[in-house]
1. Which residues, counting only those in the range 67-102, are surrounded by fewer than 12 Cβ atoms within 10 Å (Cβ to Cβ), within 14 Å of the ligand (Cβ to nearest atom) and either modelled with pLDDT under 95 or not in a helix (DSSP H, G or I) (or both)?
2. Tell me, which residue of the range 213-261 that is among the small types (Gly, Ala, Ser), free of Cβ contacts under 8 Å to residues at least 40 places away in the same chain and within 30 Å of Glu177 (Cβ to Cβ) is surrounded by the fewest Cβ atoms within 10 Å (Cβ to Cβ)?
3. So, Gln296, is that one at pLDDT 95 or above, within 14 Å of the ligand (Cβ to nearest atom), surrounded by fewer than 19 Cβ atoms within 10 Å (Cβ to Cβ) and under 21 Å from the mean Cα position of the chain (by Cα) or not?
4. Just checking: which of the helices (runs of 4 or more DSSP H) contained wholly in the range 109-183 hold 2 or more residues that are surrounded by fewer than 17 Cβ atoms within 10 Å (Cβ to Cβ), at pLDDT 95 or above and away from the ligand (no atom under 13 Å from the Cβ)?
5. Considering each of Ala69, Ala59, Ala90 in turn, give the residue that is among the small types (Gly, Ala, Ser) and without any contact (Cβ under 8 Å) to a residue 12 or more places away in the chain.
6. Suppose we keep only residues that are aliphatic (A, V, I, L, M) and in a helix (DSSP H, G or I) within the range 54-66. Which one would you say is surrounded by the fewest Cβ atoms within 10 Å (Cβ to Cβ)?
Amino acid sequence: MTDAVPNYTDYLKLGQLLELQGGLENDEQQLIPDELLFIVVHQALELWFKIINRELRLARDQLSAPTVAEETVPHVVHHLRRVNRVLELAVDHFKVMETLTPQDFLGFREKITPASGFQSSQMREMEILLGIGSKQRVRYGKVDPIEHLEKLAESGPAGACAWARVQAVQTEATFQEALRGWLYRTPIHGSMPTDPDDDAVVSSFIASYLENFNGFIDRQCDKLKASMPDAGDSTKRFAESKASAAAFLYAEDTSPEDRPRLQRTRAGLLFIESYRTLPLLAWPRLLLDTVVELEQLTLIWRNRHARMVERMIGRRVGTGGSSGVDYLDQTTKIRIFTDLWAVRTVMMPKDTLPPLKNPEFYGFAK
Ligand code: HEM
């Protein structure tokens with residue numbers, strides 16, 4: 001028996017793929033061109049979600065090893081950068097969608113009710129893989145997106161498959177957990193969490209950082225007061241920013257049991273961001289930049305989708321029953337990597353940082 005010679009059509013399963021745009025009628029000929037476009041854009045984005053979820057799993061797996069070798073970090077960055085490029089491309093799909101006019105969309109919108117992107121299990125999979133917390137998830141009325149998918153499992157095989165996908169991902173570790181574990185192990189002034197005097201090194205780093213930070217804020221405040229004698233409220237804001245920097249670095253927002261771990265994790269994050277020009281920290285800082293970019297791009301995607309929806313249906317109720325654009329706008333406030341955003345508020349210029357100890361550890365050895 002001879003091996004079959006590969007050909008383009010068979011390899012890409014184009015026969016099956018091009019049969020999948022028949023809509024509810026299962027017959028593409030019965031669809032107006034606008035509806036075919038509507039289906040294809042959704043399917044294209046679902047394929048991209050598939051790639052995103054695969055890359056996120058690869059990035060998470062590499063970062064969640066008990067010790068992550070230095071040469072592994074570029075691989076993690078590689079997977080995340082691919083996610084970012086796909087997200088940028090995904091945003092552009094809405095331009096194509098906008099060639100559909102509001103009136104033409106109304107021509108077939110009614111028949112697809114109550115189907116909605118709200119039921120996209122791959123979108124939920126992406127959110128869960130990234131590490132969205134239950135508190136961060138937006139509900140409309142009492143409808144929780146995950147519970148909604150659970151109910152959909154009763155609607156037939158496709159609903160059951162979507163729910164199985166979401167159930168499975170809920171048992172997996174998240175990228176956020178992997179990232180936190182890795183940040184926790186950041187060497188601070190050359191000290192590792194397993195070193196006997198690590199607690200003292202970390203405490204001293206946080207204390208000296210805050211001391212310099214307070215001085216930095218005081219200088220800004222004095223400058224403002226000198227140029228604006230009635231700067232009452234602003235003075236208060238400067239005082240608050242000192243208090244919130246301390247609350248962040250001392251992890252006052254978590255339970256006393258979890259506090260030491262979160263303190264060290266945030267200290268690791270701050271250390272990478274502050275001493276980012278050190279050779280050993282070059283890839284770690286790129287990793288953090290890439291995660292921030294990823295979250296920024298998901299927010300841009302959400303916002304771009306909401307603006308496209310507003311252009312298409314105004315302030316109408318969504319086919320999924322939500323308040324439509326109002327609901328979507330609420331989702332643009334979701335933040336998963338909250339610490340990566342928060343650390344920006346407590347950063348300082350290079351020349352105000354506490355002096356680096358053990359510089360040779362970070363690649364300056366002669
Ligand atoms: C004419 C085009 C579109 C309109 C009018 C539209 C409208 C809406 C509305 C109103 C919602 C809120 C839930 C609801 O009540 O239905 C929603 C959610 C959603 N849509 Fe679209 N959409 C469009 C195209 C797309 C496309 C092309 C995608 C790509 C996959 C998409 C993916 C989603 C997702 C993932 C959600 C859930 C968002 C979340 O809960 O965070 N939509 N859409």
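1. Hit for the range 67-102 is Thr99, nothing else.
2. Restricting attention to the range 213-261, the residues satisfying the condition of being among the small types (Gly, Ala, Ser) are 215, 226-227, 231-232, 234, 239, 241, 243-247, 251, 255.
Remaining after also requiring free of Cβ contacts under 8 Å to residues at least 40 places away in the same chain: 226-227, 231-232, 234, 239, 243, 246-247, 251, 255.
Right, trim to within 30 Å of Glu177 (Cβ to Cβ) and you get 243, 246-247, 251, 255.
Values: Ala243: 11, Ala246: 16, Ala247: 11, Ala251: 21, Ser255: 8.
Within the range 213-261, the match that is surrounded by the fewest Cβ atoms within 10 Å (Cβ to Cβ) is Ser255.
3. On the way: at pLDDT 95 or above: yes; within 14 Å of the ligand (Cβ to nearest atom): no; surrounded by fewer than 19 Cβ atoms within 10 Å (Cβ to Cβ): yes; under 21 Å from the mean Cα position of the chain (by Cα): yes.
The answer is no for Gln296.
4. Numbers: elements: 121-130, 145-152, 157-170.
Qualifying helices (runs of 4 or more DSSP H): 157-170.
5. Numbers: Ala59 fails: without any contact (Cβ under 8 Å) to a residue 12 or more places away in the chain; Ala90 fails: without any contact (Cβ under 8 Å) to a residue 12 or more places away in the chain.
The match here is Ala69.
6. Of the residues in the range 54-66, the ones aliphatic (A, V, I, L, M) are 56, 58-59, 63, 65.
Then drop every residue that is not in a helix (DSSP H, G or I), which leaves 56, 58-59, 63.
On the way: Leu56: 23, Leu58: 17, Ala59: 27, Leu63: 24.
Result: Leu58.
This table checks each residue for (1) in a loop (DSSP other than H, G, I, E, B); (2) within 9 Å of the ligand (Cβ to nearest atom); (3) within 30 Å of Gln263 (Cα to Cα).
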| residue | (1), (2), (3) |
| --- | --- |
| Arg304 | no, no, no |
| Arg307 | no, no, no |
| Ser322 | yes, yes, no |
| Asp326 | no, no, no |
| Ile334 | yes, yes, yes |
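The values are calculated or read from the model by the stated rules, or taken from the named source; none is laboratory data. A quick note: this is a predicted structure, and the numbers were derived from the prediction, not measured. Cβ coordinates were reconstructed from backbone atoms using ideal geometry, including for glycine residues, and neighbour counts include every protein chain displayed.
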